[in-house]
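Have a look at the structure below before the remarks.
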Amino acid sequence: MRFVIIGAGGIGGYYGARLQAHGHPVTFIARGANLEALQTRGLRINHNEWRFEEKVEACSLEQFLGSSLPPETDLIVLCVKSMDTGAIAGRLSDRFGELPTPVLSLQNGVDNEAVLAEHLGAKRIIGGLAVRIGSHLMAPGIIDAIGPGQVIMGQWPNASAGAPPLKQLLEGLNIIFNRAGIPARLTDDIQMELWRKLIINNGVNPLSAITRLDTGTLMRDPGLSQIVYGMMAEATAAAAADGIKLSETDCREMFDLISQFDPIKTSMLVDFEHNRPLELEEICGAVLNRTAQLKREAPYTFTIHQLLRRLSGSRTS
């Protein structure tokens, strides 16, 4: 299969490299110094159990949009920050809206797939999430990664909406990903899985950015881990606004899961350290918006959101 990865940062670069190493043609869409490095020196992945250092095919989004999408392109994988989803979806629609090429979102948050569906049509959209991975762009063309890097995928908004061709594609993707060293599984309810990941993200991402601590340190600290659980519980309750029924058992399961992970720097912490925009509204904001719809309160999330918004200033979306 031929893949186009839009957003060759930590996540996009890692999964694209895994696919290329297994023999699949991959085009990486990047910008700035990272694009220059990819075009001149190639891509290097430093993983605790795997190494990759090869030349890659890379171009800018403008160059990609100015070209004819190759007919053999089987999948566009979107790995940009969630605050950029709408703009990119609109540009993809303007340029390739008539083509049936499916799009897989591997992003943080619970709103990306709905935005993509609005611009490109729900029948083209595959929801996805990357779990148990810490992967960050440390320098142009250089990514440090840790963890098994699992992927969960499913037709948006659920399996009942899937046309036979997309179901067949998902089954094929699942096989390809696993063979390429990407532990993957399919789900009939991707919305549920996205909310389960948001429980973790809301719990650790913003707090790690404020404290400058990795997940292991947060979870070992009795006081900080209590805050983590409080924010996770608020995200669990907020899912009801989207018709997703999650329980305290789900919250506890996600809490225990992050407690058992190898310590990692969250994406929000790395973005904060590098003075980049934070996905604060896409994570905490999503919880607070749903909580308001339900006429409830989320004091842990509200407090951390306000503190981090103040600290990060104009870097938030």
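FYI, it's all coordinate maths here, none of it is from the lab. No experiment lies behind these values; they were computed from the predicted model shown. Methodologically, a virtual Cβ is constructed for each residue, glycine included, from the backbone with ideal geometry; neighbour enumeration extends over all protein chains shown.
Overview of values
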{"quantity": "All positions within region 275-317 that are β-branched (Val, Ile, Thr) and either surrounded by 16 or more Cβ atoms within 10 Å (Cβ to Cβ) or under 13 Å from Ala238 (Cα atoms) (or both)", "calculated": "Ile283, Val287, Thr291, Thr301, Ile304, Thr316"}
{"quantity": "Residues that are out of contact with any Cys (no Cβ under 9 Å at 6 or more places or on another chain), farther than 17 Å from Lys123 by Cα and surrounded by 18 or more Cβ atoms within 10 Å (Cβ to Cβ), drawn from region 85-111", "calculated": "Thr85, Ile88, Asn108, Gly109, Val110"}
{"quantity": "Hits in region 99-148 - residues which are assigned to a helix (DSSP H, G or I) and either over 17 Å from Gly7 (Cβ atoms) or β-branched (Val, Ile, Thr) (or both)", "calculated": "Ala114, Val115, Ala117, Glu118, Ala122, Lys123, Arg124"}
{"quantity": "Criterion: farther than 30 Å from Asn158 by Cβ and crowded, with 23+ Cβ neighbours inside 10 Å - qualifying residue of Leu207, Leu213, Leu224", "calculated": "Leu207"}
{"quantity": "Listing of helices (runs of 4 or more DSSP H) fully contained in region 264-317 that carry 2 or more residues being within 20 Å of the chain's Cα centre (by Cα)", "calculated": "267-273, 286-293"}
{"quantity": "Matching option when the condition is in a helix (DSSP H, G or I) and under 26 Å from Asn201 (Cα atoms), among Gly86, Gly90", "calculated": "Gly86"}
{"quantity": "Top-ranked residue in region 176-234 [being among the β-branched types (Val, Ile, Thr) and outside any helix (DSSP H, G or I); ranked as farthest from Leu269 (Cα to Cα)]", "calculated": "Thr187"}
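A quick yes/no check of all residues on (1) in contact with a helix residue (DSSP H, G or I) (Cβ under 7 Å, 6 or more places away or on another chain); (2) of a type in the set (Phe, Trp, Tyr); (3) free of Cβ contacts under 8 Å to residues at least 40 places away in the same chain; (4) under 12 Å from Ile199 (Cβ atoms):
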{"position": "Ser225", "(1), (2), (3), (4)": "yes, no, yes, no"}
{"position": "Ala235", "(1), (2), (3), (4)": "yes, no, no, yes"}
{"position": "Ala240", "(1), (2), (3), (4)": "no, no, no, no"}
{"position": "Ile244", "(1), (2), (3), (4)": "yes, no, no, yes"}
{"position": "Arg252", "(1), (2), (3), (4)": "no, no, yes, yes"}
{"position": "Ser259", "(1), (2), (3), (4)": "yes, no, no, no"}
{"position": "Met268", "(1), (2), (3), (4)": "yes, no, no, no"}
{"position": "Glu282", "(1), (2), (3), (4)": "yes, no, no, no"}
{"position": "Ala286", "(1), (2), (3), (4)": "yes, no, no, yes"}
